């Protein structure tokens, strides 16, 4: 069955499916493609009896008129441009880990701003600190 989502925003993607909870409660599997108006990026959310929960970042290819899966995790896809710069710096370390001042230098930010950014990214489970070195978790 193909259905639609409601216009009102919802914290849980399942709550965005239009209709009663009986509709979502009786389906074996549910998939929702969620995209902001005018954006080429989207997320495919899914859950079901015979499938693991799914949250997949996608990009629309206008030339082929197809969605393609992005090779990044969902939390990384939600990262801001500043957070992405920190993630790239850590990725360039090839798993060795970096100190805050090294990341600050690589991203052209102050040590204090970099430290705050790392804590926010840590809350999103994208990075972790071991000793005094920061590492990617994704």
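Among the residues of the range 68-120, those identified as assigned to a helix (DSSP H, G or I) and touching a residue at least 60 places away in the same chain (Cβ under 8 Å) are 75, 76. There is at least one residue in the range 99-120 that is surrounded by 11 or more Cβ atoms within 10 Å (Cβ to Cβ) and closer than 25 Å to residue 9 by Cα.
Hey, can you tell me all the residues within the range 121-138 that are more than 13 Å from residue 93 (Cβ to Cβ) and loosely packed, with under 12 Cβ neighbours inside 10 Å? If the condition is that a residue be more than 13 Å from residue 93 (Cβ to Cβ) and loosely packed, with under 12 Cβ neighbours inside 10 Å, then 123, 125, 131, 132 are the ones that fit. The selection criterion, being modelled with pLDDT under 85 and either in the same structural domain as residue 126 (by TED's automatic domain parsing) or out of contact with any helix residue (DSSP H, G or I) (no Cβ under 6 Å at 6 or more places or on another chain) (or both), holds for residue 35.
The values are calculated or read from the model by the stated rules, or taken from the named source; none is laboratory data. Quick caveat: nothing in here was measured; it's all calculated off a predicted structure. Virtual Cβ from ideal backbone geometry, glycine too; neighbours counted across all protein chains shown.
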